[in-house]
Amino acid sequence: SNDFKNGMNVELDSIPFKVTEFLHVKPGKGSAFVRTKLKNLLTGTSVEKTFRAGETVTLADVYKSDVQYTYKDGADFVFMNMETFEEVKVGEEEMGDSWKWMKEGETVGVVTYNGQVIGVDLPKTVTLKITYSEPGVKGNTATGATKPATLETGATIQVPIFIKEGESIKIDSRSGEYLSRDNAA
């Protein structure tokens, strides 16, 4: 517990956790301890736990490998490891809402724990094209006015009124919010 670092993966009761915060506390009386905030990698929930200084903690066997999303096969999403050319199938449960922000050919990170896929890490921002959107009504330009837009992946998000069908936009993959137009596309 003396060697904790942010982002480190530890295993408690056969469950993998990621250290999000830690603080070494040395009270004037008594022994030192480490107060931590841990994120459960299976459920996404956060817990706070205190360890005695010097207490041994098992490192979790968590790996992240870069893979390319190739296609959807029924309820499974199929990815290809670009180094070994192995196919990795990920179920809808492990994907969560990540599928909304992925298009074919996109490179993402697949997180595995003891050989089992436990999640998919997307880039923080993704660029997607709008396939359908109502035209903005002239005069209806109150600040912050939004309208629904359907993306090339089939997901629907709220975008500003000035965004047109066929434009590429940047989206925050963690919250699903519109960030800006993508001028590079």
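The values are calculated or read from the model by the stated rules, or taken from the named source; none is laboratory data. Please read all numbers here as calculations on a predicted model, not as lab measurements. Cβ sites come from the backbone with ideal geometry, for glycine too, and all protein chains shown count toward neighbours. Note: accessible area is taken over every heavy atom of the protein model, side chains too, but ligands, DNA and RNA are not part of it. Shrake-Rupley method; radii C 1.70, N 1.55, O 1.52, S 1.80 Å.
The requirement of being part of a loop (DSSP other than H, G, I, E, B) and open to solvent by 90 Å² or more (accessible area, probe 1.4 Å) is not satisfied by Lys103.
Restricted to the stretch 165-185, and to residues there that are outside any strand (DSSP E or B) and hydrophobic (A, V, I, L, M, F, W, C), the residue that is nearest to Ser133 (Cα to Cα) is Ala185. Of all residues in the stretch 8-40, which are under 25 Å from the mean Cα position of the chain (by Cα) and either open to solvent by 40 Å² or more (accessible area, probe 1.4 Å) or among the aromatic types (Phe, Trp, Tyr) (or both)? Scanning the stretch 8-40 gives Met8, Glu11, Asp13, Ser14, Ile15, Phe17, Lys18, Thr20, Glu21, Phe22, Lys37, Lys39. Ser31 passes every criterion in (1) assigned to a strand (DSSP E or B); (2) out of contact with any Lys or Arg (no Cβ under 6 Å at 6 or more places or on another chain) apart from (1). Selection of the stretch 73-100 for residues being touching a helix residue (DSSP H, G or I) at 6+ places or on another chain (Cβ under 8 Å) and exposed (fewer than 15 other Cβ atoms within 10 Å of the Cβ) yields Ala75, Glu92. For beta carbons closer than 7 Å, sequence separation of 6+ or different chains, a first residue in the stretch 161-180 that is in contact (Cβ under 8 Å) with a residue 40 or more places away in the chain and a second that is hydroxyl-bearing (Ser, Thr, Tyr) and not in a strand (DSSP E or B), there are no qualifying pairs.
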